[in-house]
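The values are calculated or read from the model by the stated rules, or taken from the named source; none is laboratory data. These numbers come from a predicted model, not from an experiment. Don't worry about glycine lacking a Cβ; one is built from the backbone with ideal geometry, like all the others, and counts go over all protein chains shown. Surface accessibility is based on the protein's heavy atoms, side chains included, excluding ligands, DNA and RNA. Shrake-Rupley method; radii C 1.70, N 1.55, O 1.52, S 1.80 Å.
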Amino acid sequence: MSKTLFIVLVTIISFMANSQTKVILTVGGDSMTATLADNEATRELKELLEKGPITIQMSDYGGFEKVGVLPQSFTTSNSQITTEPGDIMLYQGNNMVIFYGSNSWSYTRLGKINGVTANELRQFLGTGSISLKISLDTTTGVGTVSSDGSKEGIIYDLNGNRISETPLSQGIYIIDGKKTQIRK
């Protein structure tokens, strides 16, 4: 494979990974992020969330899930699914289900809560009825940058690649732990 083709493929894969829609789920003062699946229901949900956050009342069902009625019905594309903790499903077109256990049923996949264990999820969702706020995650770009003071003069690009050639071309770099713009 040519170097150019490889770079193009890596760029496309990176763009696709970063273009996934993420939402923030908030219960009380605690929040978790979830990545939405790519289907008609999630496109409709994203369109709704672009108008502002929604809040749904959820309650326990069956000892393995929280379920709540959404403010509108969404297009279903049901298939037989065995769920895992963190799965978010659409049931009967207008119910959101968040699983902290497992079940096998016909659902439309909405998404998955990122990087959470079953115990962490149970703690986040609590017991009994909750109010769940759902909003779009609009964070982008470089987040918090920390510096290891013992490594002065180290330069990284925004993808985290270490840069050794100087002089630097025009762009934004992380130099000594600080975001720095180089203008020519």
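State which residue is most open to solvent (accessible area, probe 1.4 Å) when the search covers only segment 112-130 and only residues that are part of a loop (DSSP other than H, G, I, E, B) and modelled with pLDDT under 95.
Filtering first and then ranking leaves Thr127.
Do you know which of the residues in segment 140-168 that are under 23 Å from Thr21 (Cβ atoms) and open to solvent by 100 Å² or more (accessible area, probe 1.4 Å) is modelled with the highest pLDDT?
Applying the filter and picking the extreme gives Asn159.
Filter segment 63-79 for residues that are touching a Gly at 6+ places or on another chain (Cβ under 8 Å) and part of a loop (DSSP other than H, G, I, E, B); which is surrounded by the fewest Cβ atoms within 10 Å (Cβ to Cβ)?
Of everything passing the filter in segment 63-79, Gly63 is surrounded by the fewest Cβ atoms within 10 Å (Cβ to Cβ).
Just checking, does segment 58-72 include any residue being touching a helix residue (DSSP H, G or I) at 6+ places or on another chain (Cβ under 9 Å) and closer than 30 Å to Leu158 by Cβ?
No: segment 58-72 contains no residue that is touching a helix residue (DSSP H, G or I) at 6+ places or on another chain (Cβ under 9 Å) and closer than 30 Å to Leu158 by Cβ.
This table checks each residue for (1) among the aliphatic types (A, V, I, L, M); (2) touching a Lys or Arg at 6+ places or on another chain (Cβ under 9 Å); (3) touching a residue at least 12 places away in the same chain (Cβ under 8 Å).
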position: Glu65; (1), (2), (3): no, no, yes
position: Ile81; (1), (2), (3): yes, yes, yes
position: Gly93; (1), (2), (3): no, no, yes
position: Ala118; (1), (2), (3): yes, no, yes
position: Phe124; (1), (2), (3): no, no, yes
position: Asp137; (1), (2), (3): no, yes, yes
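Does Lys133 satisfy the condition of being open to solvent by 20 Å² or more (accessible area, probe 1.4 Å) and farther than 21 Å from Gly28 by Cα?
So Lys133 fails the test.
Can you find, within segment 26-62, the residue that is most open to solvent (accessible area, probe 1.4 Å) among those that are in a loop (DSSP other than H, G, I, E, B) and within 27 Å of Ser104 (Cβ to Cβ)?
Among those residues, the one meeting the criterion is Asp38.
In segment 92-111, which residues are more than 12 Å from Phe64 (Cα to Cα) and buried (at least 20 other Cβ atoms within 10 Å of the Cβ)?
Within segment 92-111, Met96, Tyr107, Thr108, Arg109, Leu110, Gly111 qualify.
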